[in-house]
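J.: Pasting a structure below so you can have a look.
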Amino acid sequence: MVCGIIGITTEEGFTQEPLGKLIKDALKRLEYRGYDSVGLAVITEEGLLKIRKSKGMIDAVSQRLGFDSISGFNGIGHTRWATHGKPSDENAHPHTDCLGRVAVVHNGIIENYKKLKEFLIGEGHRFASDTDTEVIPHLVESFKKRGLSTYEAFKKTIELLEGAYALAMIDLEDPGKIFFAKKMSPLIIGLGNKGNFVASDVVAFLNHTRRVIVLVDGEAGYITPREVVVERMVREGGSVRWLPVDVERRVRVVEWSPEMALKEGYDFFMLKEIHEQPYALASTLSAANESVSDVARVLAKSERVLLLGAGTSYHATLITALLFRKYANLWAEALISSESRWWLNALSQGDVVIGVSQSGETIDTLRGIREAKERGALTIAVTNVVESAIAREADMAIYIRAGPEIGVAATKTFTSQVALLSYLAIKTGELRSVLKPSVAANIYNALRETPEIVARTLKESERLASLLADKMSFKNNAYYLGRGLGLPVAMEGALKMKEIAYVHAEAYPAGESKHGPIALVEEGFPVVFVILSKEEEELIKSNIEEMKARGAYAILVSPNNAEEALSLADFSFVMPALHEVASATSYVVPLQLLAYYTAVKKGLDPDKPRNLAKTVTVF
Ligand code: F6R
């Protein structure tokens, strides 16, 4: 997800085409990942390092900068999806050292880049961009100056990096190699004839070779046209060791069609994106402290917050409003953005309006932000797309880092929104002295565990969700019930079920269900209960009993310590017991899977639900 990387190292006779064109063609195949800038670096036969990069789309940039006519034997290319630093020519990759000899492309986030950058500036390095990536070539340069070979300098650099990365690097002084490293971002080696590849995705080089080695976290090394060297970094106490890895045995032949390759082997983008949630959460949370700090300072001094969103983003605002009220003693209200005009007259200077939108383009949310601004409120955008309309128009913007979402149903952007906004609410509570720093720290830690929890949940609930989907695919109706923070999670589960599996799924506060909705319940009527914490168990237990007494088929998403509630369930997704803020972020995952498998069992295409568009730009 996010940025696309390609590296191609060749020897005489690889192809007749200039390397710049081959890199451009590979970047075109990575276009689906979403990007705002593009660039390449090529080492030529004359011993030059040619770098061409710009903000813009591949075809236009390539034509303007003449990618197709750049020849050489070793090169790297990149499509950038802005995270640190706005989309611009300077921030486009590759990035180089001061001497313009080392060029690097990167996907991911270097969390400790500020510290590294300060150190490098102290050493006299000059930086040409706002990116976190640029510290890498300068670090390599710095180690080389101390007498290390390029490869040794590269490994020393990797040892210093914290965060997520897939990297490819070339160096004019060791011109036949492409150096690479991987942690938490995908990177795959392709084994060709008279040339080898490294890329974010096999689709980039499938037209040249189907023989691949999938790298795993902690591996780094280099390729030449004939050789693949991989080592694994092992940290022991304070020291680091590099152990050789035998990759011969890991060579696989990919059978995917180009269409399947785009989906990285998953049947649908939605399933791929559901599985990308651990990465999306990890990248969002790794940058959270820094991204929310300015906005949290503003919120700490404010008295009222209005949160606007549509669909799934609205559900994220509901969770956030509850958290602001409970953990920051801050009056906060969530509003469906298309309804916001009924509130705007009551806004005054000093109010804060937060527009939450994964695309950053939803017209209702954009209009709400515009109108709030006109009334003197301070406006803040929370989105997945840098420089999107809402981000541009709001006074301040903070970003989730989920990578482009292609499936129409929002999945990874929802969990990332909830994680980032939860972080913001807790930070605000800390700054308002409502939460002691130690209490806040516990919640941050619980949030930081969610990537791991979601990864485990995906493993444990996929088969269960598919099993339950056999039953759901024959149902026309379902209720989704929850209390407190569990209610928006239930609402999100119901929305997924409605929009992709066309099952009429209604969400209610569990306590409200007996005031009307229960009239519909009869034998076999599915009712999903979302319980986020042991504390809620006592209250929701009676709701489960009421429903079961009318014949309901009770499905639970519940922590493992809610034993009594679980004993009443006909079907359950048993989740680890977490702090409620972490459960609100992660417990939706089984419900996403349930909706997905129900759609698939009904023969529907979950990526393209009828009547829906990914971005809604009409009122
Ligand atoms: C549901 C879904 C939609 C969007 C809504 C808002 O799966 O995708 O309900 O959540 O259209 O979109 P954004 O977040 O782009 O403003």
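The values are calculated or read from the model by the stated rules, or taken from the named source; none is laboratory data. Since this is a predicted model, take the numbers as computed values, not measurements. Neighbour counts are summed over all protein chains in view; Cβ atoms, including those assigned to glycine, are modelled from backbone coordinates with ideal geometry. Side chains included, ligands, DNA and RNA excluded: accessible areas come from the protein's heavy atoms. Shrake-Rupley method; radii C 1.70, N 1.55, O 1.52, S 1.80 Å.
J.: Straight-line reach only, C-alpha to C-alpha below 25 angstrom: list the lysines that Lys144 could link to, leaving out same-chain residues fewer than 8 apart.
T.: Qualifying lysines at Cα under 25 Å: Lys50, Lys114, Lys115, Lys117, Lys155, Lys156, Lys177, Lys182, Lys183.
J.: Using only DSSP helix segments of four residues or longer, with each worth -39500 (n - 2.57), what per-residue ellipticity at 222 nm results for the chain after dividing by its residue count and rounding to 500? Walk me through the numbers on the way to the answer.
T.: Details: 21 runs with 238 residues, N = 619.
Rounded to the nearest 500, the figure is -11500 deg cm²/dmol.
J.: Still on this model: Could you derive backbone 3J(HN,Hα) for the stretch 296-305 from the dihedral phi with the Karplus parameters 6.51, -1.76 and 1.60 (θ = phi - 60°), listing whole Hz in sequence and x where the residue is Gly or Pro?
T.: So the Karplus estimates, Gly and Pro as x, are 4, 5, 5, 5, 4, 9, 9, 10, 9, 10 Hz.
J.: Moving to a separate point now. Accessible area per residue of the stretch 459-619 at 1.4 Å probe, in Å²?
T.: In whole numbers, the stretch 459-619 has 40 Å² accessible per residue.
J.: Using alpha carbon centroids, what distance separates the stretch 260-328 and the stretch 350-419, in Å?
T.: Their Cα centres are 10 Å away from one another.
J.: Across the chain, where is the longest run that never hits trypsin sites (Lys or Arg not before Pro) in a DSSP loop with at most 13 other C-beta atoms within 10 Å?
T.: The answer is 302-609.
J.: Using a 1.4 Å probe, what is the accessible area per residue for the stretch 267-448, in Å²?
T.: 34
J.: Which number do you get for Rg(Cα) / (2.2 N^0.38 Å) in the stretch 11-63?
T.: 1.22
J.: If you don't mind, there's one more thing I want to ask. Compute the long axis of helix 135-145 from its Cα atoms, compare it with the longest principal axis of the Cα atoms of the chain, and write down the angle in degrees, 0 to 90, nearest 10.
T.: Tilt of helix 135-145: around 30 degrees.
J.: May I ask you to give the percent of accessible area on the stretch 468-589 that is carbon plus sulfur, with a probe radius of 1.4 Å?
T.: Percent of accessible area from carbon and sulfur atoms in the stretch 468-589: 51.
J.: Name the residues whose placed amide hydrogens come within less than 5 Å of the amide hydrogen of Leu187, ignoring near sequence neighbours (fewer than 5 apart) on the same chain.
T.: When sequence neighbours closer than 5 places are left aside, the close amide H contacts are Leu215.
J.: Okay, next question. Restricting things to Cα coordinates, could you compute the convex hull volume per residue of the chain in Å³?
T.: So the per-residue hull volume is 162 Å³.
J.: Compute the Rg to Rh ratio over the stretch 459-619 from the alpha carbon atoms, using the Kirkwood formula for Rh, and round to two decimal places.
T.: Radius of gyration over Kirkwood radius for the stretch 459-619 works out to 0.96.
J.: Cα atoms only, the stretch 4-265: Rg and Dmax in Å?
T.: When restricted to Cα atoms, the stretch 4-265 yields Rg and Dmax of 16.9, 51 Å.
J.: Within straight cross-link reach of Lys514, meaning Cα distance under 16 Å, which aspartates and glutamates are found once same-chain residues fewer than 8 apart are removed?
T.: Glu506, Glu522, Glu545, Glu546
J.: Taking a probe of 1.4 Å, how large is the accessible area per residue of the stretch 4-265, in Å²?
T.: Value returned for the stretch 4-265: 40 Å² of accessible area per residue.
J.: Once amide H atoms are built 1.01 Å from N in the peptide plane, which residues 5 or more positions from Glu506, or in another chain, come under 5 Å H to H?
T.: Correct list: Ala478, Tyr479, Tyr480.
J.: Could you work out the mean projected area of the convex hull around the alpha carbons of the stretch 163-203, in square nanometres to one decimal?
T.: Numbers: hull surface 13.7 nm².
Averaged projected hull area, Cα only: 3.4 nm².
J.: What fraction of the DSSP beta bridges in the chain is antiparallel, stated in percent and rounded to the nearest 5?
T.: On the way: 65 of 106 bridges.
For the chain, the DSSP antiparallel bridge percentage is about 60.
J.: Residue by residue through the stretch 35-46, what is 3J(HN,Hα) from phi via Karplus (6.51 cos²θ - 1.76 cosθ + 1.60, θ = phi - 60°)? Round to whole Hz and write x for glycine and proline.
T.: 6, 10, 9, 8, x, 8, 9, 10, 8, 9, 4, 7
J.: What's the long-distance tail for the stretch 267-448, i.e. % of Cα pairs beyond 24 Å? Don't skip to the answer; put the middle values down first.
T.: Working: 5110 of 16471 pairs.
Cα-Cα pairs in the stretch 267-448 separated by more than 24 Å: 31 percent.
J.: List the residues, sorted by chain then number, that are 5 or more residues from Met575 or on another chain and whose placed amide H is less than 5 Å from its amide H.
T.: Here Ser558, Asn560 satisfy the definition.
J.: Let me ask something additional. Would you kindly derive the ³J(HN,Hα) couplings of the stretch 265-270 from the backbone phi angles with the Karplus curve 6.51 cos²θ - 1.76 cosθ + 1.60 (θ = phi - 60°), listing them in order in whole Hz, with x for Gly and Pro?
T.: x, 7, 5, 9, 4, 4
J.: Oh, and also: In whole angstrom, how far apart do the alpha carbon centroids of the stretch 27-60 and the stretch 486-552 sit?
T.: Comparing the Cα centres of the stretch 27-60 and the stretch 486-552, I get a distance of 51 Å.
J.: Name the lysines eligible as straight-distance cross-link partners of Lys471: C-alpha to C-alpha under 18 Å, and not fewer than 8 places from it in the same chain.
T.: Of all the lysines, those that pass the test against Lys471 - Cα under 18 Å, at least 8 places apart if same chain - are Lys496, Lys498, Lys548, Lys601, Lys602.
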